[in-house]
Amino acid sequence: MLCHGQCVMLTCNLWVEAGLVNGALSHVKDIFYLPTSKPPQLPTFTTVVFHKYVGVPFDTSNPNIVPIKPVIRGN
C-alpha cells in the first residue's frame, strides 16, 4: 500500500547512471489512477522524489521527481 509522503525504496536498478539504483530511498509525491479505476487497483503511475536523481526531469519545477509504473513480479 502507498500513500502520499510515504518513504519507499527502489528494489531494482532502473537507470544506474541517473541514480535510480537498487536501494535508493525516496518518498511518494503523488499517486495517479485512470478516471475509471481506484484503489485497490494498481495506479497508472506514482511520482516519487529521488534526491540523488540526475536524469531528464519529468517536472521542470522539481527535477528530482520520477514517474514510476507499477511492476508485478512472480507469484
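Tabulated results
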read-out	value
Long-range HN-HN contacts of Val48 with modeled amide H, under 5 Å	Lys29, Val66, Ile68
Over the chain, relative contact order from alpha-carbon pairs under 8 Å, at least 6 apart, %	24
Electrostatic dipole magnitude of the chain [Cβ: Lys, Arg +1; Asp, Glu -1; Cα centre; debye, to 20]	180
Equivalent ellipsoid semi-axes, the chain, via Cα gyration tensor eigenvalues times 5, rooted, Å	21, 15, 11
Spatially proximal lysines relative to Lys29 (Cα-Cα < 16 Å; intrachain offsets below 8 disregarded)	Lys52, Lys69
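Values quoted throughout were computed directly from the atomic coordinates according to the rules given, and no laboratory measurement underlies them. This one's a predicted model, so the numbers in the text were calculated from it and none came from an experiment. Glycine gets a Cβ as well: all are built from the backbone with ideal geometry, and neighbour counts include every protein chain shown.
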